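For reference, the structure is listed below as structure tokens.
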Amino acid sequence: MDEQQWMAVDEYLCERTQTPDESLDAALKSSVEAGLPTINVAPNQGKLLNMLARLRGARRILELGTLGGYSTIWLARALPEDGTLLTLEAVEHHADVARRNIERAGLSGVVSVIVGDAVDTMQAFVRDGIPPFDFVFLDADKQSYPAYLRLVLRLSRPGTVIVADNVVRGGRVTEAQNSDPAVVGVRAFFDMLAAEKDVCSTAIQTVGSKGWDGFSISIVS
Ligand code: SAH
Ligand code: DHB
Ligand code: MG
């Protein structure tokens, strides 16, 4: 099994399950043109996020790590007209690109891109006592996943679904001695999940156009 076969299968699956989409294509194109890294979720992963949020009946969504807004568009499309998606991004340039892509997709009415460190922003949310979220997509810097999870749980309620991206990273998650902050962060994230009695979690490894990686899904009880 090799990467080329994973790519071919992903292409086949996307061709059979996705419809052409100008807003999503334009979001990826403009992101590349603006020099953003192509670390957005794959189309079939984006659609999974959309479907999970719909299954949850999410009205309030929180995203950590906007980049060019590709996953944001998938998630925002799961919302009812009066829904809300807050997406947190540290880099102003990424946020600018994302806002244009979200506008082009006709989703400016439901999406707010908030620039700043996601920890600072969520601490402010907690202080302000904003309403809890129904669905959270964790996809900012991996070293901060433990800090993010702690705050996300304070912004959750029973039934909140938390999806965390990139929890496998080519299998490096199993390397207990690895000092890469991303690996250390994801492992500490899993330690926290394991210790949380009030959170039901699973994790799935994936292969495809984004290599070998995986995501976790949790439901807060
Ligand atoms: N969710 C996007 C990809 C996000 S890539 C998609 O799938 O389309 C990760 C993003 O997290 C980058 O844009 C990066 O700038 C941002 N990020 C990194 N550290 C952050 C922090 N401390 N707070 C908020 N965003 C951060
Ligand atoms: C990286 C970040 C991501 O969110 C992703 O899906 C893939 C790679 C990265 O920082 O390298
Ligand atoms: Mg990711």
(Q) With a cut-off of 8 Å between alpha carbons and a minimum separation of six or more residues, what is the relative contact order of the range 41-167 in percent? (A) 26 percent
Q. Label residue 217 and residue 5 with points 7 Å out from Cα along Cα→Cβ: what is the distance between them in nm?
A. 2.6 nm
Q: Please state the charge dipole magnitude for the chain, taken about the Cα centre, from unit charges on C-beta atoms (+1 on K and R, -1 on D and E), reported in debye and rounded to the nearest 20.
A: 640 debye
Q: Over the chain, calculate the relative contact order: mean separation of alpha carbon pairs under 8 Å at least 6 apart, over the residue count, as a percent.
A: 19 percent
Q: Please turn the phi angles of the range 68-79 into ³J(HN,Hα) values with the Karplus equation 6.51 cos²θ - 1.76 cosθ + 1.60 (θ = phi - 60°), one per residue in order, whole Hz, x for glycine and proline.
A: x, x, 5, 5, 4, 5, 4, 5, 5, 5, 7, 7
**Q.** the chain, accessible area per residue, ligands and nucleic acids excluded (1.4 Å, Å²)
**A.** 50 Å²
**Q.** Estimated FRET transfer efficiency when R0 is 45 angstrom, pair residue 176-residue 104 (beta carbons, to 0.05)
**A.** 0.50
Q: Amide H neighbours of residue 166 under 5 Å, at least 5 residues apart or on other chains, H built in the peptide plane: list them.
A: 214
Q: Please turn the phi angles of the range 212-221 into ³J(HN,Hα) values with the Karplus equation 6.51 cos²θ - 1.76 cosθ + 1.60 (θ = phi - 60°), one per residue in order, whole Hz, x for glycine and proline.
A: 9, 8, x, 9, 10, 10, 10, 10, 7, 10
Q. At a 1.4 Å probe, what is the % contribution of carbon and sulfur to the accessible area of the range 3-220?
A. 53 percent
Q | Separation in nanometres of the label points that stand 7 Å from Cα toward Cβ, at residue 96 and residue 202 | A | 4.3 nm
Q: Could you let me know the centre-to-centre spacing of the range 36-114 and the range 159-221, using Cα atoms, in angstrom?
A: 21 Å
Q.
If each residue of separation counts as 0.36 nm, what is the full-extension length gain between residue 81 and residue 150 once their alpha-carbon separation is subtracted?
A. 21.9 nm
Q. Percent antiparallel among DSSP beta bridges with both residues in the chain, to the nearest 5?
A. 40 percent
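The values are calculated or read from the model by the stated rules, or taken from the named source; none is laboratory data. Here the structure is a predicted model, which means the values were calculated and not measured. Reconstructed Cβ throughout: ideal geometry from the backbone, glycine too, with neighbour counts over all protein chains shown. The accessibility values were calculated without ligands, DNA or RNA, using every heavy atom of the protein model including side chains. Shrake-Rupley method; radii C 1.70, N 1.55, O 1.52, S 1.80 Å.
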